Amino acid sequence: MKRFDKGYIFSSLLSDFFSTLVILFIIFEDLFFDETSKKEDMIGAIPFIIIGFVVIYLCFAIYRILYYRASGYELGETEIKCNRGVLFKKRSVLEYKKIHAINKKQTLFQRFFGIAVLTVDSGATSSSQQAEITVIEKDKTVDLLVNELNALKEDGIRGAETPAAEADVLLSDKDSLYNFTSKRKILYTLINIVSTAFYTALLGALALIVIAFCKTVIQFDLLGTVLIALLITVAAMLFLSAFSFIISAVYSFVAYHKFTITRQGNNIQISYGLLDKHTNTFSYDRIKAVKITQSLVQRMLGFAAIRLEVIGYTDDNGSNNSAEIGVLVPFCKYKEVGEILKKVLPDYVPEKKQTRSASYFPFVSWFMLIWSIVMGTTLLSLLAILQFVGAPAYGISAVLLSVAGAGILILCIKLVSAALSYHTNGIAVSNGKITAYSGGFTKNVTVFLAKNLIAVADVTTPLRKKKGITSLVMHLKTNALSNEVMVHIQNDTLTKELEELLIL
């Protein structure tokens, strides 16, 4: 069995050097940054800091050496084998025919030492960190392994050399179909800024309502108070927008550096990243679904992002980390989505919505009930508490009106969200393909094949059942956590239509 490249030790120790400094900073932070600390104490702590650094760094070094000595890989006739681990040793064996995703990753330190990490996954795990096979080799060696394993996925037996198929570059710097240029990245950043400003404005409106009600009842200068509150809101919007611009701009240029998509036979490859360079390769037939997402601001301006959900190899932890393997196109015009998918993933072009929500009221009925109970209980509780402590009448009125104003604003936001959901939710079924429209402020269009549908469930109430409406829950074929697609307030006849697809 061949051991990993020694560059693993050097790159890891370089990374561990900075990790050790961070650990020591956390431990001795109070000593050096506390105003009560004396200079003598700081000088006296230096030997302990040096000893602590040596001990911690030595532990890292011992672990890296032991991991290197215990780890390795081997290409057999029909399978790839891998050993790794120190305290808990793991031996993995994966048949070539069961390979579903092959991914290459390089951190900045690994690129400095010319090595890369190769992970091979069968689809039995939900992230690359849990992949069955891990190989750490020279960069060029990993590239050769990627090509060889892609060929072995089809043949299943390692013998005579299989010529690699010519790569069909679908999205590259020279292709006019899609290019995440600097101009697009700036526009992507500006869209994020507008989103930040929009939600900041909502919070500012809430603050204005609360302050205005209080000052009106207390009979202070309303105009001056509103102007001050408005200035604070504008300042907060400018600060958050500037901060968002810097973070978003750096993220878009660094995370999506040289973002390209290539296709080689049945394999799709996505490459991106400046500091951490990723090259993710997976099979076309392992795609679970394609999801087109639009935030409220993107929806108003006509932009969208396209994400992939691949069986066993998609980031499904609930975060919106768009630089993971799930990204197909990070930013494009909504009207370009069909054109892009037709050339890259022709089986997943979304169909036009064939149904729509059956009624508006169910989108707000439960919220109205819960909101009324919470608001009523809150107002009565506040009234009782303020009377118990002997608060003046104008003070009680100010508090109650402020709470009521905040509640009305929340209700208005919910009504708008429900209206968007009412116009968004729907479904289309055509030629073994299902297109599900869902979401409120964020619009989601999920496209998946009927063969990946494993269950259909109704979510309804007795009253809704009498009226023949329900919310559909479609379970997809995946081992990940987010294996549900929900479409709300539809005619219950759709359930039978989808159940028929399960039998086919």
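The values are calculated or read from the model by the stated rules, or taken from the named source; none is laboratory data. These numbers come from a predicted model, not from an experiment. Here the Cβ is made from the backbone with ideal geometry for all residues, glycine too, and neighbour counts use every protein chain on show. Only protein heavy atoms, including side chains, enter the accessible area calculation; ligands, DNA and RNA are left aside. Shrake-Rupley method; radii C 1.70, N 1.55, O 1.52, S 1.80 Å.
Looking at region 246-270, which of its residues are aliphatic (A, V, I, L, M) and not in a strand (DSSP E or B)? Within region 246-270, ILE246, ILE247, ALA249, VAL250, VAL254, ALA255 meet the criteria.
Of the residues in region 127-141, how many are assigned to a helix (DSSP H, G or I), at pLDDT 85 or above and within 29 Å of the chain's Cα centre (by Cα)? Reasoning before the result, please.
So in region 127-141, the residues assigned to a helix (DSSP H, G or I) come out as 128-130, 139-141.
With at pLDDT 85 or above added as a condition, the list becomes 139-141.
In the following step, the residues that additionally are within 29 Å of the chain's Cα centre (by Cα) were identified as 139.
Result for region 127-141: 1.
Scanning region 87-126 for residues that are open to solvent by less than 30 Å² (accessible area, probe 1.4 Å), assigned to a loop (DSSP other than H, G, I, E, B) and under 20 Å from PHE282 (Cβ atoms) returns ILE99, HIS100, SER122, GLY123, THR125. LEU144 meets the conditions (1) open to solvent by less than 70 Å² (accessible area, probe 1.4 Å); (2) modelled with pLDDT of 85 or more; (3) closer than 21 Å to GLY76 by Cβ in every case but one. The failed one is (1).
Right, TRP371: open to solvent by 60 Å² or more (accessible area, probe 1.4 Å) and in a helix (DSSP H, G or I) or not?
In short, no.
Screening LEU87, LEU94, LEU58, LEU75 for residues that are aliphatic (A, V, I, L, M) and within 18 Å of PHE10 (Cβ to Cβ) leaves exactly one candidate, LEU58.
In the set SER430, SER421, SER417, which member is of a type in the set (S, T, N, Q), farther than 20 Å from ALA304 by Cβ and touching a residue at least 24 places away in the same chain (Cβ under 8 Å)? Please lay out each step first, then the result.
Numbers: SER421 fails: farther than 20 Å from ALA304 by Cβ; SER417 fails: farther than 20 Å from ALA304 by Cβ.
Of the residues listed, the single one that is of a type in the set (S, T, N, Q), farther than 20 Å from ALA304 by Cβ and touching a residue at least 24 places away in the same chain (Cβ under 8 Å) is SER430.
Meeting the requirement of 3 or more residues that are crowded, with 18+ Cβ neighbours inside 10 Å, the strands (runs of 3 or more DSSP E) wholly within region 398-465 are 426-430, 433-438, 443-449. Number of residues in region 466-480 that are open to solvent by 20 Å² or more (accessible area, probe 1.4 Å) and modelled with pLDDT of 85 or more equals 3.
Restricting to region 344-367, give me the number of residues that are in contact (Cβ under 8 Å) with a residue 60 or more places away in the chain and surrounded by 15 or more Cβ atoms within 10 Å (Cβ to Cβ). Walk me through how you get there before you give the answer.
At the first step, the residues of region 344-367 found to be in contact (Cβ under 8 Å) with a residue 60 or more places away in the chain are 344-345, 347-360, 362-363.
Now drop any that are not surrounded by 15 or more Cβ atoms within 10 Å (Cβ to Cβ), which leaves 344-345, 347-351, 353, 355-358, 360, 362-363.
Residues in region 344-367 being in contact (Cβ under 8 Å) with a residue 60 or more places away in the chain and surrounded by 15 or more Cβ atoms within 10 Å (Cβ to Cβ): 15 in total.
Sub-9 Å Cβ pairs linking a first residue in region 4-31 that is within 18 Å of ILE62 (Cα to Cα) to a second residue that is part of a loop (DSSP other than H, G, I, E, B) and among the small types (Gly, Ala, Ser), at least 6 apart or interchain, are PHE4/SER71; ASP5/GLY114; GLY7/GLY114; TYR8/SER71, ordered by first then second residue. Given the conditions (1) of a type outside the set (Gly, Ala, Ser); (2) touching a Lys or Arg at 6+ places or on another chain (Cβ under 9 Å); (3) closer than 18 Å to SER283 by Cβ, which single one is not true for TYR73? Only one criterion in (1) of a type outside the set (Gly, Ala, Ser); (2) touching a Lys or Arg at 6+ places or on another chain (Cβ under 9 Å); (3) closer than 18 Å to SER283 by Cβ is unmet by TYR73, namely (3). Taking (1) under 23 Å from GLY114 (Cβ atoms); (2) outside any helix (DSSP H, G or I); (3) charged (D, E, K, R) in turn, ARG64 satisfies each apart from (2).
Of all residues in region 335-357, how many are charged (D, E, K, R) and not in a helix (DSSP H, G or I)? Before the answer, list the steps.
Our first condition is that a residue be charged (D, E, K, R); within region 335-357, this holds for 335-336, 339, 342-343, 347, 351-353, 356.
After this cut, where a residue has to be not in a helix (DSSP H, G or I) as well, the list is 351-353, 356.
Of the residues in region 335-357, 4 are charged (D, E, K, R) and not in a helix (DSSP H, G or I).
When region 266-298 is filtered for residues that are in contact with a helix residue (DSSP H, G or I) (Cβ under 8 Å, 6 or more places away or on another chain), of a type outside the set (A, V, I, L, M) and open to solvent by 40 Å² or more (accessible area, probe 1.4 Å), the ones remaining, listed by number, are ASN266, ASP276, LYS277. Scanning region 272-299 for residues that are farther than 21 Å from TYR348 by Cβ and in a strand (DSSP E or B) yields LYS277, HIS278, THR279.
Can you tell me which residue among GLU77, GLU95 is of a type in the set (D, E, K, R) and more than 31 Å from the chain's Cα centre (by Cα)?
Details: GLU95 fails: more than 31 Å from the chain's Cα centre (by Cα).
Only one candidate passes the filter, namely GLU77.
Going by the structure shown, is ALA391 open to solvent by 20 Å² or more (accessible area, probe 1.4 Å) and assigned to a loop (DSSP other than H, G, I, E, B)? So that I can check it myself, show each step before the final result.
Details: open to solvent by 20 Å² or more (accessible area, probe 1.4 Å): yes; assigned to a loop (DSSP other than H, G, I, E, B): yes.
Spelling it out, ALA391 is indeed open to solvent by 20 Å² or more (accessible area, probe 1.4 Å) and assigned to a loop (DSSP other than H, G, I, E, B).
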